[in-house]
Amino acid sequence: FANRYQILSILGDGASARVYAARDMLLDRPVALKVIHKHLISNQKAVQRFKEEAHNCTNLSHPSIARVYNQGQADDGRLYLVMD
């Protein structure tokens, strides 16, 4: 995925995204990869909420909140978050 993350398995599915167990091939570490559902990439409200989630998580630090390592957009337009 995105020429950097190797998807290993599905961890969960929600209304707006799917979360995968993945491996960051560049840094050789396990990560969680949250990818917005393909049918939502044309929904501006859903895209904005996804971006806000990434921004809000980077400003928080708590053991119960996943840290965001990276965010981006795949070749097919889907947005993704890379988390611990």
For this session: Name every residue in region 57-84 that is in contact (Cβ under 8 Å) with a residue 12 or more places away in the chain and assigned to a helix (DSSP H, G or I), in order of residue number.
Result: CYS57
Exercise. Mind checking whether some residue in region 57-71 is in contact with a His (Cβ under 7 Å, 6 or more places away or on another chain) and of a type in the set (A, V, I, L, M)?
Worked result: no
Exercise. Out of region 23-56, which residues are of a type in the set (Gly, Ala, Ser) and touching a residue at least 40 places away in the same chain (Cβ under 8 Å)?
Worked result: ALA32
For this session: Assess whether ALA54 counts as being part of a helix (DSSP H, G or I), of a type in the set (Gly, Ala, Ser) and either over 22 Å from TYR5 (Cα atoms) or touching a Gly at 6+ places or on another chain (Cβ under 6 Å) (or both).
Result: no
Exercise. Can you tell which of ARG4, ARG29 is surrounded by 15 or more Cβ atoms within 10 Å (Cβ to Cβ) and of a type in the set (D, E, K, R)?
Worked result: ARG4
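Only the coordinates and a few stated rules stand behind these numbers; no lab work does. Computed from a predicted structure; not experimentally measured. Ideal geometry is used to build each Cβ from the backbone, glycine not excepted, and the neighbour counts take in all protein chains shown.
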